Amino acid sequence: MKTEQKVHHFSSGIKLESGAGLDSFNLIVETYGELNSGKSNAVLVCHAFSGSHHAAGSASTDKKAGWWHELIGPDKAIDTNKYFVVAPNNLGSCFGSTGPTSHCEKTDDYYGKDFPDISVLDWVNSQEMLQKKLGINAWACVLGGSLGGMQALQWAITFPDKVKKAGIIAAAAKASSQNIALNEVARESIRKDINFYEGDYLKKGLFPKSGLKAARMLAHITYLSEDSMNDRFGRKMQDSDSKVGETVDYQVENYLQYKGEKFSEEFDANSYILMTKAMDSFDPAKKFNNKLDEALKNIKAKLLIVGFKTDWLFPVDRSKEIQLAAMKANIASSYLELDGVQGHDSFLFRTERYENNIKTFLGS
C-alpha cells in the first residue's frame, strides 16, 4: 500500500465560525493508495476528537497502528487497491496540524489557550480547502466514526456537490446534555490541575498531566460497553507484580490508569478542551429552525448511517434520528444497526457484516 505523509500549508488563512480567524495554517495529512487519472476515487476519512492523520497501517517499531487500520488497506472495507484515502489531522489538534501547541507568529510563542474556538464546520471548511489543493472536484465518499461521523454529516450538508457518499458511523446530529455534562467534568479535571495555569502551562514549561489523565479515564469508560467491561475485567483483582500504581486493586482500575497515563503523554490539554467543545456545539439543525430534516434537504450524497447496540455515548436512537430525518427529506440513505461488543469504540473494529456493508456502500 502506497503511503505518504505531507504537511499542507495554507497561506490564505481561514475565517472561523466564531468570527475569529487564522492568518495561515497547516494541515498534516496521510494518504493511502493512489489517485486515479480522473481524480474520482478519493475518500476522505475524518477522525474522532483524539484521533490523528495516522488512520491506517499496522504497528511497527516506531509507529502505532493507524486508528482505522482494521478497515483501511488492500482488500479491506476501504480498499486502497481501489481508493485514494485522505486522512487529515484536524485544526486545533496536537499531532501536526495548527493548534494550541503550534507557534504563533504574532506573539512569537505558543498559541496555547489563545487558539481560537473551532467548530465541526470549521474542520469541514479547512478540509474543503485541502480538497481544492489536491485538485479533487468531489469526494467519492466522506466517512468517519463518532466526531468523524459528525464531520461526514456536515460535509454532506455544506458541500452537496463535492461529496457523492457520506458514511455517518456511531455519531449523532448533536450532543446530548449527558454528553456535554461528561465532557465538562473532563474539562474541569484539566482546569483544576495545579499545572494548568489557566491554559498557559506551555509558556511556563509545565503540563497538567494529572488532570488530562483523569479526563481521559472518565471518557474511556464511555467508549466501552458494560458487558465488554464485565467480560474482560469483572471484579478480578490485579496481580501485584503488574500494578501500574500502589492504589490499584482491580484489573479495571489498572486498565484505566494505564490508558489515562499513555494518553496524557501524547495529547495536549488545551486541544482536549477545544475539541470536546467543538463536539458539544455541533448542531446543524440550529440554522434551520431546529429541524434536522430541513438541514438535510439539500444533500445530494447517498448516506450510510451506522449505529451500534452497545454504544451508550451515542446510542442507536441518535443514528435513527438522522436516518428518519433523511427519509423525511427524501435523501437516499441506508441504516445499519450492528451488535458491536466494544460499545462506542465498536466503530474502530472490523466485523464481517460491518466490513461488507461499507464495501457495498462504497461500490454501489
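Once both labels are modelled 7 Å past Cα along the beta-carbon direction, what's the Lys164-Ser11 spacing in nm?
Simple spin-label model gives 3.4 nm for this pair.
Between Ser60 and Asp317, what's the calculated FRET efficiency when r is the beta-carbon distance and R0 is 45 Å? Round to 0.05. Don't skip to the answer; put the middle values down first.
Details: r = 40 Å, r/R0 = 0.89.
With R0 = 45 Å, the Cβ-Cβ based efficiency is 0.65.
Any idea how far apart Asn356 and Thr3 come out in nm if each label point goes 7 Å out from Cα toward Cβ?
Here the modelled spin labels are 2.9 nm apart.
Largest first and to the nearest Å, give the Cα extent of the chain along each principal axis.
In descending order, the Cα extents are 58, 52, 46 Å.
Counting only pairs 8 or more places apart or on different chains, how many lysine pairs in segment 179-275 have C-alpha atoms closer than 12 Å?
So the count works out to 4.
Sticking with the crude label model, points 7 Å out along Cα→Cβ, report the distance from Val185 to Lys106 in nm, one decimal please.
3.7 nm
Enumerate the aspartates and glutamates that Lys82 could reach by cross-link, defined here as Cα to Cα under 20 Å, with residues fewer than 8 away along the same chain left out.
Qualifying aspartates and glutamates at Cα under 20 Å: Glu4, Glu30, Glu34, Glu70, Glu352, Glu355.
So, in Å, what gap is there between the alpha-carbon centers of segment 212-267 and segment 305-364?
Comparing the Cα centres of segment 212-267 and segment 305-364, I get a distance of 28 Å.
When the helix-only estimate is applied to the chain (DSSP H runs of n ≥ 4, each -39,500 (n - 2.57), divided by the residue count), what is the mean residue ellipticity at 222 nm, nearest 500 deg cm²/dmol? Could the numbers behind the result be given before it?
Working: 10 runs with 120 residues, N = 364.
That comes out to -10000 deg cm²/dmol.
With r defined as the distance between the Cβ atoms of Phe288 and Leu134 and R0 fixed at 30 Å, what FRET efficiency is calculated, to the nearest 0.05?
That gives a FRET efficiency of 0.50.
Hand me the trypsin sites (Lys or Arg not before Pro) from segment 196-276 located in a DSSP loop with no more than 12 other Cβ atoms within 10 Å, in residue order please.
Working: sites: Lys203, Lys204, Lys209, Lys213, Arg216, Arg232, Arg235, Lys236, Lys243, Lys259, Lys262; in loops: Arg235, Lys236, Lys243.
Here the trypsin sites (Lys or Arg not before Pro) that fit, given the DSSP loop and packing criteria, are Arg235, Lys236.
Take every Cα pair under 8 Å in the chain that's 6+ residues apart, average their separations, divide by the length, and report that relative contact order as a whole percent.
Values: 753 pairs, mean separation 62.8, N = 364.
Normalised by residue count, the contact order of the chain is 17 percent.
Bear in mind that the values in this text are calculations on the coordinates, not laboratory data. On a predicted model such as this, the values are computed, not experimentally measured, just so you know. Virtual Cβ from ideal backbone geometry, glycine too; neighbours counted across all protein chains shown.
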